[in-house]
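Before any comments, here is the structure.
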Ligand SMILES: Cc1cc2nc3c(=O)[nH]c(=O)nc-3n(C[C@H](O)[C@H](O)[C@H](O)COP(=O)(O)OP(=O)(O)OC[C@H]3O[C@@H](n4cnc5c(N)ncnc54)[C@H](O)[C@@H]3O)c2cc1C
Ligand code: FES
Ligand code: FES
């Protein structure tokens, strides 16, 4: 059987007729051609497929299409603002690029989605050990390339921008936070 | 696949289950949807995710009532859990990773009944009960009678888990929990243990020890509990508890750990719990 599933995707309404058992991951990639979301493991372990479902990070490989009806999904494509011609990357995307927090890029969409949520939820504000907090909140995002250090640097820089550099410094790549750079 | 139902009340969920006994009951999907493309397509799905009646944590007299659809994230964020059942919150925080905690439910963990289900030793230590519902009515079963063998339970074919009910421990009951795995997140436990130890004037009146990953199902360590009861919460008792435990569990060696290691760690955890109960 197929089911008409209507849900919000990156601020627009999408309707697809799919098996309710189809994974949200496959609906995004195959039906909506949003191929930014990656499959790493298909087992909920790696976090490459992370999207926001009603504002919360989930593994889209473990969500059935039927469960998305009437809900709102944000994928990595939905993080940037601006236009297609002139995209304005989200602060975490800018910092991941500037600081070498992405190498092969398979983990990056999931990390960007989680990190954007982390920034917007204010989870780091006032944290006694922000680096430890970032590592805890990104514990479900496995990266085989970067060794995580530069990812954590990027997320800290995006979530806790220091003064003026928050305005113009994103992307300069020259700022560290005392981590292993 | 012939159908997909999204009941919004427990009554509708029970009716859907009864009408379609061969369909899959789906909650957060963090057990059922692992490798979904390589699994047989279900005959149909009864999707409990949107059933608000099943989700939420409330104080009910001297108990905490957690709807079966309550997620681990709900548990982590609950002030009631933090105040009255902190070891359940501690276990929830170590289940998978944030993405798993956002979807995985307590009912799913109980129904899957894996020997490494992290909440299960906690439910044993807290002496939780389960509220079950079927077209024949409701029944309450003590959690300690629920897991019957390797991933088997006493849930009837037409039943759903409606709620997990945890008695609120009194101030003299010391609670402990520890999961031992390769890392804090995304790791399946090598051993985990939970304890509720009732101490009066330095003497253990009673103790409940729940253990996971040391048997085919989550178990209470009855001999270890007996070794603790009526004894002071000290080194000698802790040693007696560890010895009693060695006599009652036979952990296995598998890809995640070795039998000797599991026994030694389980003993060390109970020793620590007993000594901590004596200190606090
Ligand atoms: C990457 C990863 C890491 C994990 N880490 C851990 C971990 O550290 N510790 C741990 O314990 N578990 C872990 N799990 C397992 C899983 O997340 C938990 O068991 C979770 O609680 C399952 O809940 P769910 O709602 O997702 O279940 P589902 O997958 O939706 O369902 C699981 C089972 O429960 C049944 N079911 C669900 N709700 C009910 C109900 N109300 N009545 C009757 N039957 C019901 C379903 O029919 C099915 O048989 C992990 C899983 C993954 C993928
Ligand atoms: S592909 Fe979903 S968690 Fe790895
Ligand atoms: S950049 Fe390659 S897996 Fe993270």
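The values are calculated or read from the model by the stated rules, or taken from the named source; none is laboratory data. Just so we're clear, the structure is a prediction, and the values are computed from it rather than from any experiment. All Cβ positions, even for glycine, are placed from backbone atoms using ideal geometry, and neighbour counts span all protein chains on display.
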Kindly list, by first and then second residue, each pair from a residue in region A:20-32 that is within 12 Å of another protein chain (Cβ to nearest Cβ) to a residue that is in a strand (DSSP E or B) and within 16 Å of ligand 2 (Cβ to nearest atom), limited to pairs with Cβ atoms under 8 Å and residues at least 6 apart or on different chains.
-> A:20/A:64; A:21/A:64; A:22/A:64; A:23/A:64; A:24/A:51; A:24/A:53; A:24/A:64; A:24/A:73
Looking at this structure, is residue A:99 surrounded by 21 or more Cβ atoms within 10 Å (Cβ to Cβ) and more than 11 Å from residue A:36 (Cβ to Cβ)?
-> yes
All positions within region B:52-108 that are within 13 Å of ligand 1 (Cβ to nearest atom), farther than 27 Å from residue B:190 by Cα, away from chain A (no Cβ under 14 Å) and free of Cβ contacts under 8 Å to residues at least 60 places away in the same chain = B:53
Of the residues that make up region A:71-91, is at least one within 14 Å of chain B (Cβ to nearest Cβ), surrounded by 17 or more Cβ atoms within 10 Å (Cβ to Cβ) and within 10 Å of ligand 2 (Cβ to nearest atom)?
-> no
Return the total of residues in region B:145-172 being assigned to a strand (DSSP E or B) and closer than 19 Å to residue B:59 by Cα.
-> 7
Being more than 15 Å from residue B:124 (Cα to Cα) and buried (at least 24 other Cβ atoms within 10 Å of the Cβ) narrows B:227, B:258 down to just B:227
Quick one: residue A:110 ticks every box in (1) in contact (Cβ under 8 Å) with a residue 12 or more places away in the chain; (2) within 16 Å of ligand 1 (Cβ to nearest atom); (3) part of a loop (DSSP other than H, G, I, E, B) except a single one, so which number is it?
-> (3)
Number of the exception - residue A:144 against (1) touching a helix residue (DSSP H, G or I) at 6+ places or on another chain (Cβ under 9 Å); (2) within 15 Å of ligand 2 (Cβ to nearest atom) | (1)
Scanning region A:50-67 residue by residue, the ones that are more than 9 Å from every other protein chain (Cβ to nearest Cβ) and in contact (Cβ under 8 Å) with a residue 24 or more places away in the chain total 5
Within region A:102-124, the residues that are within 10 Å of ligand 3 (Cβ to nearest atom) and surrounded by fewer than 20 Cβ atoms within 10 Å (Cβ to Cβ) are A:103, A:104, A:105, A:106
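Conditions (1) within 14 Å of chain B (Cβ to nearest Cβ); (2) more than 28 Å from residue A:9 (Cα to Cα); (3) at pLDDT below 95, marked per residue:
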{"site": "A:105", "(1), (2), (3)": "no, no, no"}
{"site": "A:110", "(1), (2), (3)": "yes, no, no"}
{"site": "A:126", "(1), (2), (3)": "no, yes, yes"}
{"site": "A:134", "(1), (2), (3)": "yes, no, no"}
{"site": "A:152", "(1), (2), (3)": "no, no, no"}
{"site": "A:158", "(1), (2), (3)": "no, no, no"}
{"site": "A:162", "(1), (2), (3)": "no, yes, yes"}
{"site": "A:174", "(1), (2), (3)": "no, yes, yes"}
{"site": "A:177", "(1), (2), (3)": "no, yes, yes"}
For region B:92-118, the count of residues that are more than 16 Å from ligand 2 (Cβ to nearest atom) and either farther than 21 Å from residue B:141 by Cβ or not in a helix (DSSP H, G or I) (or both) equals 10
Within region B:242-260, how many residues are out of contact with any strand residue (DSSP E or B) (no Cβ under 8 Å at 6 or more places or on another chain) and under 16 Å from residue B:181 (Cα atoms)?
-> 8
